[in-house]
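Novice: My structure is below; once you've seen it, I'll send some questions.
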Amino acid sequence: MDTKLDIRLSQKLIMTPQLQQAIKLLQLSKLELQQIINQALLENPILEETISETADTDEDDSFKSSQVSESENVSGQENGESVKPLDGLELKWGDYLDEDRLDNRELGYFKDIDEETPTFDQTLSKPSTLYEHLIWQLNLSPSDSLIREIGETIIGNIDENGYLQASVEEIVLMSKATEEKILEVLNLIQSFDPPGVAARDLKECLLLQIRQIGFTGTIIETIISEYLDDFEKKRFPVIARKLGISLEDLAHAIRIIEKLEPKPGRSFYSFDNVYIVPDVFVIKHEGEYIVLLNEEGVPRLRINPIYKKMLRGNSGLGNEERGYLEDKFRSAIWMIRSIEQRNRTIYKVAQSIVKSQIDFFEKGVNNLKPLTLRDVADDILMHESTVSRVTNNKYICTPQGIFELKYFFSSGLSRVDGESCSSRSVRDMISKLILDENPKKPFSDQQIMEFLKENQIEIARRTVAKYRKELKIPSASRRRKLVI
């Protein structure tokens, strides 16, 4: 072996920072794109947001109206009409602000508002958490400092569903108290609201609720403590035979158990309302579907004309200043081009989807056709990975509702007549079939398979079970209800 120099010609794809930025912008949601653009506006002085045309027209209209008013005043003076000037008029601004004083908000120009008056933001309320609710009850209960310390430790180990996640031995190590004292405080917390809180498993949670509503020593308590596994599997005849009661008496007990709360902390869940802003609109105009990009809220960028003139002419810039501006200028140009390329790609993908799913837009989900990323990529002459990035976190508003772009991509199932249907439409058919079934005799996976075959859809039983699990629908034995 020896060392030598060798020249080779080869092609390589180098991921430049500009290319990485373009790929990153392609897969961003609309909100994330707004944040990136606003950050770029702060960091790059070359970039600036274009003024909307409406603002320009408003300024032109106001300028024209002022010219008209001046001409009217001049013509009025020429005609001998008396025109009262406004120079000597004293405006009392307090008269205009009296109505705004009534809402007691601190708007910045009221000098006589009491400093102790809370602002409008401070008066907004928020729902209390399960932890705060339990601590509030612990502070109201007659207890000493040791009980409050142990109680705070126990409450701190309760999850959002209301279950205690730490064992008694672990709490003993954390609080350095005796096991008897821990159990005493635990029983106190288990008597708090909501019923069933601080339980260590489902059985204890249900038993706590039963005891609080006064069903101790009844058949209901026996079913929960001894036959909970049979109850979960809907083995009602087995439970009735073991208890020696009729199915009618068992049905009354079951109705009460089904009304219990398996997750006591559910009422304290805090959900933030997340509003979906579609990236694309699809509207029907004169019998044709038109794709429109939603650019509302996204700043439109342009190059600052002042810096552009400085770079073009001999403005006396030093080498360091000119180099800085040229670097920012290239960055701004690439940002604008990347955003435009992103919009064009989203438009092409949405247009290809609309072209392939006309029946869906006309008739609904049952007419959704099989579609893959490769089909769209071949249609718009782009790579499959590009289509995947475009459909990520993007939403489309259609006459059938708002859907994620990935919703329209699904595998196909063969029909008896030789055509194919979307797996998503089959899932929808399974969901509707189970929704309308008899609760006494729910459909098994085999019966659902036979029903789909009657509708010209070839599908295996294990595929039905797979789709049912994806829809989070339990099996037929767990869906069965005892109705007397």
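Novice: What net charge do the residues around K176 carry, taking every other residue with its C-beta under 13 Å from that of K176, with Lys and Arg at +1 and Asp and Glu at -1?
Specialist: Working: positive: K181; negative: E149, E169, E170, E179.
Counting the neighbours of K176, the net charge comes to -3.
Novice: Tell me, Kirkwood radius of the stretch 349-484 from alpha-carbon pair distances, in Å? Show your work: numbers first, answer last.
Specialist: Numbers: mean 1/r = 0.0608 Å⁻¹.
Kirkwood hydrodynamic radius for the stretch 349-484: 16.4 Å.
Novice: Extension gain L247-I23, at 0.36 nm per residue separation less the Cα-Cα distance, in nm? Before the final figure, lay out the partial values.
Specialist: On the way: separation 224, 0.36 × 224 = 80.64 nm, distance 6.36 nm.
Gain in length upon complete extension: 74.3 nm.
Novice: Also, I was wondering about something else. What is the local net charge at L28, summed over the other residues whose Cβ is closer than 10 Å to its Cβ (Lys, Arg +1; Asp, Glu -1)? Don't skip to the answer; put the middle values down first.
Specialist: Working: positive: K24, K30, R342, R389, K394; negative: E32.
Cβ neighbours under 10 Å give a net charge of +4.
Novice: Moving to a separate point now. Order these by the 10 Å Cβ neighbour count, fewest first: T345, T3, T391. It would help to have the intermediate numbers written out before the result.
Specialist: Working: T345 18, T3 4, T391 22.
Least crowded to most crowded, the residues run T3, T345, T391.
Novice: Just to check I understand the Karplus step: with θ = phi - 60° and J = 6.51 cos²θ - 1.76 cosθ + 1.60, what whole-Hz values come out for the stretch 446-454, glycine and proline as x?
Specialist: Ordered by residue, 3J(HN,Hα) equals 5, 5, 5, 4, 5, 5, 5, 5, 5 Hz.
Novice: Which whole-angstrom value gives the distance between the alpha carbon centres of the stretch 242-282 and the stretch 441-484?
Specialist: Distance between centres, Cα-based: 22 Å.
Novice: Going by how many other Cβ atoms sit within 10 Å of their own, how do D229, D375, D2, D193 line up, fewest first? Could the numbers behind the result be given before it?
Specialist: Numbers: D229 9, D375 16, D2 3, D193 13.
The order, fewest Cβ neighbours first, is D2, D229, D193, D375.
Novice: In whole Hz, with x marking every Gly and Pro, tabulate ³J(HN,Hα) for the stretch 325-333 from phi via Karplus 6.51 cos²θ - 1.76 cosθ + 1.60, θ = phi - 60°.
Specialist: Calculated HN-Hα couplings, in order: 5, 5, 5, 5, 5, 5, 5, 5, 4 Hz.
Novice: Is the stretch 346-418 best put as rounded, prolate or oblate by its Cα gyration tensor, with a ≥ b ≥ c the root eigenvalues, rounded for a/c under 1.5, and otherwise prolate when a/b is larger than b/c, oblate when not?
Specialist: oblate
Novice: How large is Rg/Rh for the stretch 232-350, to two decimals, with Cα atoms and a Kirkwood Rh? Walk me through the numbers on the way to the answer.
Specialist: Values: Rg = 33.2 Å, Rh = 22.4 Å.
Here the Rg-to-Rh quotient is 1.48.
Novice: Which of the peptides 353-363, 211-221 is most tightly packed, and how do the rest follow, going by the mean number of other Cβ atoms within 10 Å of each residue?
Specialist: Details: 353-363: 16.8, 211-221: 14.0.
Most protected by this proxy first, the peptides run 353-363, 211-221.
Novice: Where does each of 452-462, 128-138 land if you order them by average Cβ count within 10 Å, highest first?
Specialist: Working: 452-462: 13.6, 128-138: 17.0.
Going by the mean number of other Cβ atoms within 10 Å, highest first, we get 128-138, 452-462.
Since every read-out is calculated from the coordinates, none of them should be taken as a lab result. Since we're looking at a predicted model, the values are computed, not measured. Positions of Cβ are generated from backbone atoms using ideal geometry, with glycine treated the same way; all protein chains shown enter the neighbour counts.
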